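In what follows, a structure is listed as structure tokens, so that the remarks can point back to it.
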Amino acid sequence: MRVYVPLTLSGLAAAHGTGEIGPGPVTAYAVTEGLRVWLTYSDDIEELEYAALNRAAAASLRLIAGRPDEARRRVVVAVDVPDGAAVADPGQPLDASSLGEVRIARALALAKAAAVHVDADDAEPDIAAAAAALGAADLGDDDARFTVDGAEDHELLWFGIQEIPGLIG
């Protein structure tokens, strides 16, 4: 099963330094039953995985918003884990904010990552604006929601794990 782990650039640097994402439990996003139900228009696994990736990108934005000194670029690491290693929280209510969210009990070896997805440099102003507007958007401000949604206009770029030193350097 492929999971998408939201990080920040400093989180990616820490994972690169230790060789693992963690410690566990690690929160990630995947194609869960709830995500499949939410995307009723598609049974295409690529579309479902893209939705899980976008859920992780939104979670990365939340991590960035909570850290004023963090670089304003979303980071998502795609990792393949054994079936059953990623589980949805059964106690969690099924709402839009938790769709696709899973937990992995143990740290994840960065060497097992399939790819790293990161915003391009030119996305930074929009990501910064979205991070600053997130609180107001959560409180129902439509203008702030528009700003936050603007972050989704930027596609995350794909990088191989061997390119991590260049991303964090």
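Bear in mind these aren't lab numbers, they're just calculated from the coordinates by the rules spelled out. Quick caveat: nothing in here was measured; it's all calculated off a predicted structure. All Cβ positions, glycine included, derive from the backbone under ideal geometry; neighbour counts span all protein chains shown.
Computed about the Cα centre, the dipole magnitude for the range 2-163 is approximately 760 debye when only Lys and Arg (+1) and Asp and Glu (-1) carry charge, each at its Cβ. Ordering L39, Y29, L139 by the projection of their Cα atoms onto the charge dipole of the chain, which places +1 on the Cβ of Lys and Arg and -1 on the Cβ of Asp and Glu, puts Y29 at the extreme positive end. Once Kirkwood radius over Cα pairs in Å is calculated for the structure shown, the corresponding label among [x] 15.4; [y] 16.2; [z] 15.8 turns out to be [y]. Placing unit charges on the Cβ atoms of the charged side chains and taking the dipole of the chain about its Cα centre, the candidate lying farthest along the positive direction among L167, L61, G19 is G19.
Under the rule of -39500 (n - 2.57) per DSSP H run of 4 or more residues, summed and divided by the residues of the chain, what mean residue ellipticity at 222 nm is obtained, to the nearest 500 deg cm²/dmol?
Numbers: 6 runs with 66 residues, N = 169.
It lands at -12000 deg cm²/dmol.
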